[in-house]
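Just so you know, all these numbers are worked out from the coordinates, no wet-lab data involved. Only a predicted model underlies this, so the values are computations on that prediction, with no experimental measurement involved. Here the Cβ positions follow ideal geometry from the backbone for every residue, glycine too, while neighbour counts run over all protein chains shown.
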Amino acid sequence: MEPIFKIVPKNLWDEALKQGYFRGSADDLRDGFIHFSTIDQLEDTANRHFKGQKDLLLLSVAVEKLDDCLKYEVSRGGDLFPHLYGHLPLAAVIKVSAFDDDLVARFISKRTDA
């Protein structure tokens, strides 16, 4: 199963490491769930919400390590986006990468080259 992705400010991830789980960003807390993107949605999410921001990380999350609190719901453009209704356990995070505006393009090119 392909991972899902979350772009987070480094300071929030540092806080999660201390707490033992990620509770979400201010937007996530406001909406009542943690917003994720699939690989196909990642580029648009990055451009819409994070372009030009500094000190960001990209979390790759194993879907199979999440429980039934993960729901795919209609959102932007009618796409089904992964939403987690609960905290993100650190054990579900399979990779943490420094994020910059070029990272998404590298992810997508690796995927299409495979």
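Tabulated values for the structure
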{"quantity": "Equivalent ellipsoid, the chain (semi-axes from 5 times Cα gyration tensor eigenvalues, Å)", "calculated": "20, 17, 15"}
{"quantity": "Estimated [θ] at 222 nm from DSSP helical runs (n ≥ 4, -39500 (n - 2.57)) normalised by residues in the chain, nearest 500", "calculated": "-9500 deg cm²/dmol"}
{"quantity": "Highest-MSF residue in the chain out of Val93, Val61, Val74 [GNM, Cα springs under 10 Å]", "calculated": "Val74"}
{"quantity": "Virtual spin-label span in nm between Tyr85 and Met1, 7 Å along Cα→Cβ", "calculated": "1.7 nm"}
